[in-house]
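Trainee: Questions regarding the structure given below will be posed in turn.
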Amino acid sequence: MKIFKHRGEIYISKNDNKRTREERILFSLLALILIFTIVFFVILSNKYSSVKEFFGSDDVTTVVVEQVIEDELPEISGRKNFLIFQTNKDQSDIHYIFLIQADRDNLAYKICSLSSDMKIDGETIYDIFMMGGGPALQTKLTAYFGVNIDYYAMFTGDNFIELVNKLGSFNYESDEVIKYDSDLNKNDSYSIRIKKGTQKITGTELSELLRYYSEDNKNPTKANQIMLYALVNLINVENFEDSQALFRLFINSSTTNITVRNFQDNFDALKIFCYKNSQITVYAPEITVDSTKNITPESMKTIKSYFSE
């Protein structure tokens, strides 16, 4: 055995005439590899003009994960106001009603919870609805607030729940325990059970919470908050990919003046709000009324400043 004392020393066997079996095998393998390499490159050079041609560039499929880049999203501007409300099955009662704006200029949602017993020029919102339905409410509130309400959509409870369940569910941070049973003698009675903490909200819970805070507990702050949670979480990328089918369900589930043409004209805005739902700013102005249920002048100014187009 040779011990190398200095780096770079090479040990050469004194017996040059004898090669071990292992050495012969090693040299044979090296020779085969060298011959194969030479033959391969000769064939390659004769048949293909380049490496790119060899790998068949026209037949190579590259899978790229779709990623929406900021510059690729459409430009949007303007503001659109919506009146969204839910009634019972025979449309004789309003469970909740919201004025909602999609502010494209500032990428924002603005939401204001109204009440069916609020008075507009001496008439309650409920009375106006009973006289002319959604179109009457749209016309009257547009004139009264001095802001243009572009669209309205009215749902019954079951239809609203069906639509929301199709959109999906979301998490809501409840800061209180809710255990409430409405008047069981009513045809559209309901019960709600919500624990404190993180709650998974489906269509049923959303409908019940909005009704509870609008009609029974009368807490517009909470009503606005829950509706904002729903918009930001359910208007998302996944639902945008299925937006055509979801719009058909929306049309079939509601009484509305929103048409297919309206949907197409606002498609770019929908895309932006879906793809940027985590960047949206939210506002929730509240309306106050006096002892006679008339909206105060200060609230009128607030509504006009937030919802003007």
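The values are calculated or read from the model by the stated rules, or taken from the named source; none is laboratory data. Just so we're clear, the structure is a prediction, and the values are computed from it rather than from any experiment. Because the Cβ atoms are built from the backbone with ideal geometry, glycine has one as well, and the counts that use them run over all protein chains shown. Ligands, DNA and RNA are stripped out before the accessible areas are found, and what is left, the full protein with its side chains, is counted by its heavy atoms. Shrake-Rupley method; radii C 1.70, N 1.55, O 1.52, S 1.80 Å.
Trainee: So which residues in the range 121-178 are among the β-branched types (V, I, T), part of a loop (DSSP other than H, G, I, E, B) and under 25 Å from N266 (Cα atoms)? Break it down into steps so the answer makes sense when it comes.
Mentor: Filtering the range 121-178 down to residues among the β-branched types (V, I, T) leaves 124-125, 128, 139, 142, 147, 149, 156, 161, 164, 177-178.
Now drop any that are not part of a loop (DSSP other than H, G, I, E, B), which leaves 147, 149, 177.
Passing the criteria: V147, I149.
Trainee: Of all residues in the range 104-128, which are among the hydrophobic types (A, V, I, L, M, F, W, C) and either modelled with pLDDT under 95 or under 23 Å from D216 (Cα atoms) (or both)? Full working, then the answer.
Mentor: Step one: list which residues in the range 104-128 are among the hydrophobic types (A, V, I, L, M, F, W, C), which gives 107-108, 111-112, 114, 118, 120, 125, 128.
Correct list: I111, C112, L114, M118, I120, I125, I128.
Trainee: Checking K119 against (1) more than 30 Å from the chain's Cα centre (by Cα); (2) without any contact (Cβ under 8 Å) to a residue 12 or more places away in the chain, which test does it fail?
Mentor: (2)
Trainee: Tally time: how many residues in the range 105-132 are more than 20 Å from T255 (Cα to Cα) and either open to solvent by 40 Å² or more (accessible area, probe 1.4 Å) or among the aromatic types (F, W, Y) (or both)? Don't jump to the end; show me each part of the working.
Mentor: Looking only at the range 105-132, we keep the residues that are more than 20 Å from T255 (Cα to Cα), and these are 105-112, 117-124.
Then keep just the ones that are either open to solvent by 40 Å² or more (accessible area, probe 1.4 Å) or among the aromatic types (F, W, Y) (or both); that gives 105-106, 109, 117, 119, 121-123.
Adding up the residues that qualify gives 8.
Trainee: Considering only the range 225-300, give the helices (runs of 4 or more DSSP H) lying wholly within it that have at least 2 residues that are aliphatic (A, V, I, L, M) and farther than 27 Å from T87 by Cβ. Even if it seems obvious, please write down each step before you answer.
Mentor: Values: elements: 237-241, 243-253, 260-265, 267-275.
By residue number, 267-275.
This table checks each residue for (1) more than 16 Å from R211 (Cα to Cα); (2) among the polar types (S, T, N, Q).
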site	(1), (2)
Y152	yes, no
N171	yes, yes
D175	yes, no
S182	no, yes
N187	no, yes
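Trainee: How about the range 133-185: which of its residues are without any contact (Cβ under 8 Å) to a residue 12 or more places away in the chain and open to solvent by less than 60 Å² (accessible area, probe 1.4 Å)?
Mentor: A136, T142
Trainee: Which residue, of S254, S243, is open to solvent by less than 30 Å² (accessible area, probe 1.4 Å) and either under 16 Å from the mean Cα position of the chain (by Cα) or within 21 Å of D103 (Cβ to Cβ) (or both)? Spell out how you get there, then give the answer.
Mentor: Numbers: S254 fails: either under 16 Å from the mean Cα position of the chain (by Cα) or within 21 Å of D103 (Cβ to Cβ) (or both).
Going through S254, S243 in turn, just one is open to solvent by less than 30 Å² (accessible area, probe 1.4 Å) and either under 16 Å from the mean Cα position of the chain (by Cα) or within 21 Å of D103 (Cβ to Cβ) (or both): S243.
Trainee: Considering every residue within the range 182-193, establish whether at least one is basic (K, R) and not in a loop (DSSP other than H, G, I, E, B). Break it down into steps so the answer makes sense when it comes.
Mentor: Of the range 182-193, the ones basic (K, R) are 186, 193.
If we keep only those that are not in a loop (DSSP other than H, G, I, E, B) too, we end up with 193.
Yes, the conditions are met somewhere in the range 182-193.
Trainee: Inside the range 66-104, can you point out the residues that are open to solvent by 50 Å² or more (accessible area, probe 1.4 Å), assigned to a strand (DSSP E or B) and either among the acidic types (D, E) or touching a helix residue (DSSP H, G or I) at 6+ places or on another chain (Cβ under 7 Å) (or both)?
Mentor: none
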